Amino acid sequence: MDRVETDEHGRAYVVDFKTGKSAPTKDEVAHHPQLAVYQLAVREGALDEVFGGERPEPGGAELVQLRQAAPKKEGGDALPKVQAQEPLTGEWVGELLANAAGRVLDERFTPSTGQHCTTCAFRASCSAQPEGRQVVD
Ligand code: SF4
């Protein structure tokens, strides 16, 4: 978490600054794992100390894309692009975390391809990509 704010309801709002050139889509932000885990951490007490010993509700989180301009209606070139995730609902984050923990415990590290591959620095050595496939049996 780069910054935490208190919203008008006293909830904790997490801000994460990004310096990359690419940004997730609106749908990806809605289930952005990093933002969601930050919110889960808030829900589980990670910020209790800075909230005076009280446990704040997570009020959402956002990515601030420092190298990308906001849309014109949101300020244009003068402001960075902001991508917000709503406060958590449902159990999907817990399931995501349990799945990740299971993979680590089982040492199942199968690469998962997607839009994120276009900017990945490991692409040339990734077994899920044609250029990274094993050539010797
Ligand atoms: S290229 Fe391979 S390692 Fe990189 S993001 Fe895609 S699946 Fe993951």
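Below is a table of values for the structure above.
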item: Total residues in region 6-27, condition surrounded by fewer than 15 Cβ atoms within 10 Å (Cβ to Cβ) and under 12 Å from E86 (Cα atoms); result: 2
item: Within region 101-137, considering residues that are among the polar types (S, T, N, Q) and open to solvent by less than 80 Å² (accessible area, probe 1.4 Å), the one nearest to the ligand (Cβ to nearest atom); result: Q129
item: The listed residue being surrounded by 15 or more Cβ atoms within 10 Å (Cβ to Cβ) and either without any contact (Cβ under 8 Å) to a residue 24 or more places away in the chain or within 10 Å of the ligand (Cβ to nearest atom) (or both), out of A70, A61; result: A70
item: Leading residue by the ranking (nearest to the chain's Cα centre (by Cα)) among those in region 35-50 that are without any contact (Cβ under 8 Å) to a residue 40 or more places away in the chain and open to solvent by 40 Å² or more (accessible area, probe 1.4 Å); result: Y38
item: Scope region 89-98; condition surrounded by 10 or more Cβ atoms within 10 Å (Cβ to Cβ) and out of contact with any Pro (no Cβ under 7 Å at 6 or more places or on another chain); matching residues; result: W92, V93, G94, E95, L97, A98
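The values are calculated or read from the model by the stated rules, or taken from the named source; none is laboratory data. Everything quoted here is computed from the prediction, not taken from an experiment. Note that we place each Cβ from the backbone using ideal geometry, even for glycine, and neighbour counts take in every protein chain shown. Ligands, DNA and RNA are excluded from the accessible area calculation, which covers all protein heavy atoms including side chains. Shrake-Rupley method; radii C 1.70, N 1.55, O 1.52, S 1.80 Å.
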